[in-house]
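Note sheet for the following structure.
The values are calculated or read from the model by the stated rules, or taken from the named source; none is laboratory data. All of these numbers come straight from a predicted model, not from anything done at the bench. Glycine also receives a Cβ, built like all others from the backbone with ideal geometry; neighbour counts cover every protein chain displayed.
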Amino acid sequence: MADAGSQAENESESSRWLTLANGITAIRFPLAPLCVYSILNDQFLLTFGFYWLAVASDLLDGRVARRRGEVSSLGGLLDHSSDALFVASGLGALALHGMIPWPLPILVAAAFVQYALDSRALAGRRLRTSELGRLNGIAYFALLGVPVVRDALGLGWPSPALVSGLGWLLVASTLLSMADRAISWTLSRKVRDSPGAGR
């Protein structure tokens with residue numbers, strides 16, 4: 001009987017992972033190293049295809065999850081993890097090319113780790129987003145796409161200086177978002193630990 005219960009539990013765990021929405025999300029994991037490889041080898045037409053495939057999967061997975069009733073904290077963590085890996089690695093490759101400031105991909109990865117730990121996502125809780133953090137997440141994808149689209153289509157604009165300037169703006173807004181989350185976490189912990197908080 002215990003074996004049957006254990007088997008049912010394993011099947012339930014598998015069904016949480018093996019969903020169409022999670023499958024669409026997972027596309028971004030192999031796309032990340034492919035995107036890095038194509039950027040480092042100046043194959044921007046190929047990068048263009050990888051980039052838009054990642055964007056399409058990011059736009060589609062949430063809609064599929066909601067329509068099919070597959071929304072879960074696990075799916076949310078998978079979604080944000082794949083986003084963070086894709087943009088941080090892609091921005092890292094652009095930084096190696098000198099197109100964007102080198103601190104940005106490091107901060108993107110650090111912000112995601114802080115986000116996941118602060119939300120206690122590994123304990124199965126839903127990720128807690130902030131407005132600035134959400135906007136930064138969109139901006140990371142956008143900044144990655146700007147030089148990719150420009151170079152794939154052979155455009156002369158935006159200039160390298162403008163792309164770099166936008167990168168520094170994102171460095172500042174990422175630091176601001178991380179500081180805001182750290183302050184919010186400290187304040188909420190103080191409230192939780194204060195005498196009478198459990199009453």
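A few points about this structure:
The rows are residues; the columns are (1) of a type in the set (K, R); (2) at pLDDT 95 or above; (3) over 15 Å from Y115 (Cα atoms); (4) part of a helix (DSSP H, G or I).
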{"position": "A161", "(1), (2), (3), (4)": "no, yes, yes, yes"}
{"position": "T186", "(1), (2), (3), (4)": "no, no, no, yes"}
{"position": "R189", "(1), (2), (3), (4)": "yes, no, yes, yes"}
{"position": "P195", "(1), (2), (3), (4)": "no, no, yes, no"}
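- Meets criteria (closer than 30 Å to G154 by Cα and buried (at least 20 other Cβ atoms within 10 Å of the Cβ)) for Y51: yes
- Which listed residue, of G98, G92, is over 13 Å from the mean Cα position of the chain (by Cα), modelled with pLDDT of 90 or more and either farther than 23 Å from P160 by Cα or not in a helix (DSSP H, G or I) (or both): G98
- Members of the range 134-175 that are small (G, A, S) and under 23 Å from the mean Cα position of the chain (by Cα): G137, A139, A142, G145, S164, G165, G167, A172, S173
- Of all residues in the range 101-115, those being of a type in the set (S, T, Y) and more than 11 Å from the chain's Cα centre (by Cα) number 0.
- Residues (of a type in the set (S, T, Y) and under 24 Å from V171 (Cα atoms)) located in the range 49-103: Y51, S81, S82, S89
- Unique match (being modelled with pLDDT under 95, of a type in the set (G, A, S) and over 23 Å from I27 (Cβ atoms)) among G124, G167: G124
Yes/no matrix, rows are residues, columns are (1) surrounded by 22 or more Cβ atoms within 10 Å (Cβ to Cβ); (2) in contact (Cβ under 8 Å) with a residue 24 or more places away in the chain; (3) at negative phi:
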position: R68; (1), (2), (3): no, yes, yes
position: G76; (1), (2), (3): no, yes, yes
position: S81; (1), (2), (3): no, yes, yes
position: A93; (1), (2), (3): yes, yes, yes
position: H97; (1), (2), (3): no, yes, yes
position: W102; (1), (2), (3): no, no, yes
position: I106; (1), (2), (3): no, no, yes
